[in-house]
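A short worksheet on the structure shown next.
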Amino acid sequence: MPVLRASPPVFAILSALVEEYAGLHYSVSDQEIFIDRVASRALEIGFDSLLDYYYFLRYDPGGRAELEKLVESLVVGETFFFREVEPLRVIASQIVPQLIERGIRPRIWSAACASGEEPLTLAMLLAEEKLLYKVDILATDISARSLARAQAGRFGRRALRDPPDAALANRWIKEDPSGALTVSNELIAAIEWRRLNLCDPLETARAGPCDMILCRNVLIYFSDQTLVRVLGNLSRALAPEGALFVGVSESLLRFGTFFSCEERNHVFIYRKIA
């Protein structure tokens, strides 16, 4: 198999195109792994030049569909059930009941959900509170392949790593003799699954208005410029005083335009500024 190489200018225009479309930022230190994956995809569909592949992606009528497939090959979607679970507990046991008491049917969006472990965990917690059918849950990702895995409901053993509540996990997740995990169809059916690009303002607008958005452990992959754009999209998708949850290693304090910050049970919540 031929080896495709990229000069610094070709890396620059290819990585800029990917960032423009999907928000994924690749620095010069990421060049080798980025080009390896792009070259693999280019060779797979018959290109022997990465510059020609770039022109196809940028200008050909079929370029947008191929760009989506390229992003599929670049996205790393590893996650697991009950990851950073405390914010999900706060949502299920505190925020959702409070909204329901006010006559609101809460809409919760799990953005960039990868293969779905986050929204499925939230659905378990809501079901335990007898609230699953009193909310609307939207789960989205840029990867159609990851969403298909989520809806199939079958996961590898690593998707369940020392759950904090084994009894809860066992009620909703079953392990077969091969070690594969199967999630209850009830949880999968309670969630609306949709492919969505966080960088697209029209797509994000159609996700709202949401009372809560979970966008965790994805913002770290964006440049500051893209992050500001995505935060604007998320803010517009939130209802007035809606809440945004990000990963524990992520902070929005230096981006004070869109949100104010509050703390509840050691969980940081970013409220939309009216």
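The values are calculated or read from the model by the stated rules, or taken from the named source; none is laboratory data. It should be emphasised that the depicted structure is a prediction, and the values quoted were computed from it without experimental measurement. Ideal geometry is used to build each Cβ from the backbone, glycine not excepted, and the neighbour counts take in all protein chains shown. Quick note on the areas: whole protein, heavy atoms, side chains included, nothing else; ligands and nucleic acids left out. Shrake-Rupley method; radii C 1.70, N 1.55, O 1.52, S 1.80 Å.
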State whether the residues of the stretch 116-135 include one that is modelled with pLDDT under 95 and either open to solvent by 10 Å² or more (accessible area, probe 1.4 Å) or hydroxyl-bearing (Ser, Thr, Tyr) (or both). no
Go through ILE191, ILE273, ILE269 for me and flag whichever is surrounded by fewer than 16 Cβ atoms within 10 Å (Cβ to Cβ) and not acidic (Asp, Glu). ILE273
Residue satisfying condition, being exposed (fewer than 14 other Cβ atoms within 10 Å of the Cβ), in contact with a helix residue (DSSP H, G or I) (Cβ under 9 Å, 6 or more places away or on another chain), free of Cβ contacts under 8 Å to residues at least 40 places away in the same chain and of a type outside the set (Val, Ile, Thr), within set GLY179, GLY232, GLY242: GLY179
Quick one: which of LEU51, LEU57 is open to solvent by less than 30 Å² (accessible area, probe 1.4 Å) and not in a loop (DSSP other than H, G, I, E, B)? LEU57
Can you tell me which condition TRP109 does not meet? The list is (1) touching a Ser or Thr at 6+ places or on another chain (Cβ under 9 Å); (2) within 17 Å of GLU78 (Cβ to Cβ), and all the others hold. (2)
Is one or more of the residues making up the stretch 150-171 closer than 30 Å to ALA65 by Cβ, aromatic (Phe, Trp, Tyr) and either open to solvent by 50 Å² or more (accessible area, probe 1.4 Å) or not in a helix (DSSP H, G or I) (or both)? yes
Out of the residues in the stretch 253-264 that are out of contact with any helix residue (DSSP H, G or I) (no Cβ under 7 Å at 6 or more places or on another chain) and outside any strand (DSSP E or B), which is most open to solvent (accessible area, probe 1.4 Å)? ARG254
Scanning for something at pLDDT below 90 and basic (Lys, Arg), does the stretch 52-62 turn up at least one residue? no
